[in-house]
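Remarks on the structure that follows.
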Amino acid sequence: MTTLEPATDAAQDNLAALESEAIHIFREVAGEFDRPVILFSGGKDSTLLLHLAIKAFWPAPVPFPLLHVDTGHNFDEVIEFRDRVVEKHGLRLVVAKVQDWIDDGRLEERADGMRNPLQTTPLLDTIAENKFDAVFGGGRRDEERARAKERIFSLRNSFGQWEPRRQRPELWNLYNGRHRPGEQVRVFPLSNWTEADVWNYIAREKVELPSIYYAHQREVYLRDGMWLAEGPWGGPRPGEEVRERTVRYRTVGDGSCTGAIESTAATVEDVIAEVSASRLTERGATRADDRMSEAAMEDRKREGYF
């Protein structure tokens, strides 16, 4: 396993191999499927995914649209970055707004205010409406146990659900994309990357990210060991004091359940040095939605979320 130290020659060879694998996967999907789409939230993994897609088809444009399942509880910096990237590369962005599903009664707001668990229905409805048959995601096996056993080509049934017995073996980089009408395949080109690889590659390629991935001043309050920010999703409860702290985000999601960490890491190199000391994945450290139960992500995978 690579570490989050400045990339050595061996680490650079590893990054080159991972890049080659991801580009091969993008091109394989382009040849096998009719209507692929890339999930893009503006977070670091989906931004890296888009960067690799651009490289895979350069100088031609990316032949797939982007899809963002928008909870409505986003950080402004991330949405501004998302829109800027889409405009810069002339991409088509499909936005499925969770609020629309709440407004017309297909979903109900949760009592705890979290909207990440509400993303599944808008995602599946939008996939079906647009007849997407392959959906690229930025999931990595090192993030969480439910993702650790995921295939690169993950077959989903006509309800978008994951069925373990129907997953295919993947030998010698051979991927089986066969599926019945109405079924879909989720594709994870970053499966074999670690957080170390992601940040070393970002440093090598000078990939731009939203500013909240680096240290900045923000008013936050402490809850369950995480620094949360006040926003349209809610704010501190009685007894939770709002303080100004120098923080950054290791992962980006719904503002109601994505925590910041205290940090002075203002550059990519600073982040690489900082995370090398961490023994928790970014999701384990800063995502309240993954703490709802021991099997929270496994349940969402079975329902069709990722």
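What to note about this one:
- Within region 101-122, being in a loop (DSSP other than H, G, I, E, B) and of a type in the set (D, E) holds for D104, E108, E109, D112.
- Test: residue in region 202-218 that is polar (S, T, N, Q) and open to solvent by less than 40 Å² (accessible area, probe 1.4 Å): no
Matching residues to (1) under 18 Å from P189 (Cβ atoms); (2) modelled with pLDDT under 95:
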| position | (1), (2) |
| --- | --- |
| A10 | no, yes |
| E19 | yes, no |
| H24 | yes, no |
| F40 | yes, no |
| G43 | yes, yes |
| L48 | yes, no |
| D76 | no, yes |
| V95 | no, no |
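- D125 meets all of the listed conditions (1) part of a loop (DSSP other than H, G, I, E, B); (2) open to solvent by 20 Å² or more (accessible area, probe 1.4 Å); (3) touching a residue at least 12 places away in the same chain (Cβ under 8 Å) but one, namely (1).
- Count of region 71-100 residues, restricted to those that are open to solvent by 20 Å² or more (accessible area, probe 1.4 Å), in contact (Cβ under 8 Å) with a residue 24 or more places away in the chain and either part of a loop (DSSP other than H, G, I, E, B) or farther than 22 Å from Y214 by Cα (or both), is 11.
- When region 28-70 is limited to residues that are part of a helix (DSSP H, G or I) and charged (D, E, K, R), the one that is surrounded by the fewest Cβ atoms within 10 Å (Cβ to Cβ) turns out to be K55.
- In region 141-182, residue farthest from P122 (Cα to Cα) [restricted to those that are assigned to a strand (DSSP E or B) and among the aromatic types (F, W, Y)]: F153
- Under the condition of being among the basic types (K, R), in a strand (DSSP E or B) and over 13 Å from F75 (Cα atoms), the residues counted in region 204-238 number 1.
- Of everything listed in (1) open to solvent by 50 Å² or more (accessible area, probe 1.4 Å); (2) within 22 Å of R140 (Cβ to Cβ), the single unmet condition for A22 is (1).
The values are calculated or read from the model by the stated rules, or taken from the named source; none is laboratory data. These numbers come from a predicted model, not from an experiment. When we count neighbours, we look across all protein chains shown, and the Cβ atoms used for this are built from the backbone with ideal geometry, even at glycine. Areas reflect the complete protein model, heavy atoms only, side chains present, ligands, DNA and RNA absent. Shrake-Rupley method; radii C 1.70, N 1.55, O 1.52, S 1.80 Å.
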